[in-house]
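Please read the structure below before turning to the comments.
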Amino acid sequence: MKSRKRLSGYRFVAKNLALDFVNTVGNRLARRKHKEHLRTKSDLSEWIRRAGLDDGGRACTRLSDALALREALYQIFIARLRGRAPRKGDIDLLNTFIRSSRAGWGLQCEGREWRWKWASTAKVSYPLARVIESAVDLLTSKNLRLLRQCSDEQCGWLFLDRSQGHRRKWCSMQDCGNRAKARRFFAKKVLRSRRTRRNSKA
């Protein structure tokens, strides 16, 4: 129950598995409201289940590996958004994960069909391998130009802007979008009130 409570403010909104994984930090840009959704192994297991990456309980994903990968991906994507080169340490770490994850895949023939099979002895767990695969696909595709960060000053969540005209500003209209609307409404209300008071004194 605790893991579900910690993930209660979390949503899959990024339109990309790797970005959704990066978004497991709530209010990333806020100093005091920073919320870690993956505090325990149980939290991580719950996220894996929600992401549809549960491989029947065989996955053994170390929390430290997951957090290290997540932060490296975040820094790489942020570097892209800010038009600068990613840090070498982040690239090196991602490449280490890539090499380990790709070594875990192998071809298996079942009847007349060939399919990719994940080795249970791989150094990287299946869920992290899928996240890595998603990150690599994004970084090497034209979709990378659709990468955005939520316009909320505290949120920091990343997403792919697939909206018509590519004008999406918020990670979610239900959350940050509605809060922005409420702030604008309140600001207009305060402004009207001040104008009314000034006019009454004139």
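Listed here are the residues, each with its yes/no results for (1) more than 21 Å from LEU93 (Cα to Cα); (2) modelled with pLDDT of 95 or more.
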| site | (1), (2) |
| --- | --- |
| LEU29 | yes, no |
| ARG32 | yes, no |
| SER42 | yes, no |
| LEU53 | yes, no |
| THR61 | no, no |
| SER64 | no, yes |
| LEU67 | no, yes |
| ALA79 | no, yes |
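Could you list, in sequence order, the residues of segment 89-107 that are of a type outside the set (S, T, N, Q) and either part of a helix (DSSP H, G or I) or closer than 15 Å to LEU139 by Cα (or both)?
GLY89, ASP90, ILE91, ASP92, LEU93, LEU94, PHE97, ILE98, ARG99, ARG102, listed by residue number.
In segment 94-145, what residues are of a type in the set (Asp, Glu) and more than 18 Å from the chain's Cα centre (by Cα)?
GLU110, GLU113
Per-residue answers, yes or no, for (1) surrounded by 18 or more Cβ atoms within 10 Å (Cβ to Cβ); (2) at pLDDT 95 or above; (3) among the small types (Gly, Ala, Ser):
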{"position": "ARG82", "(1), (2), (3)": "no, yes, no"}
{"position": "ALA85", "(1), (2), (3)": "no, yes, yes"}
{"position": "GLY89", "(1), (2), (3)": "no, yes, yes"}
{"position": "ASP92", "(1), (2), (3)": "no, yes, no"}
{"position": "ILE98", "(1), (2), (3)": "no, yes, no"}
{"position": "ARG102", "(1), (2), (3)": "no, no, no"}
{"position": "GLN108", "(1), (2), (3)": "no, no, no"}
{"position": "TYR126", "(1), (2), (3)": "yes, no, no"}
{"position": "ASP137", "(1), (2), (3)": "no, yes, no"}
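Out of the residues in segment 139-186 that are at pLDDT below 90 and at positive phi, state the one that is surrounded by the fewest Cβ atoms within 10 Å (Cβ to Cβ).
Going through the qualifying residues, I end up with GLY165.
Answer yes or no as to whether ALA72 is among the small types (Gly, Ala, Ser), surrounded by 15 or more Cβ atoms within 10 Å (Cβ to Cβ) and at pLDDT 95 or above.
yes
The values are calculated or read from the model by the stated rules, or taken from the named source; none is laboratory data. Keep in mind the model is a prediction, meaning the values are calculated, not measured. Methodologically, a virtual Cβ is constructed for each residue, glycine included, from the backbone with ideal geometry; neighbour enumeration extends over all protein chains shown.
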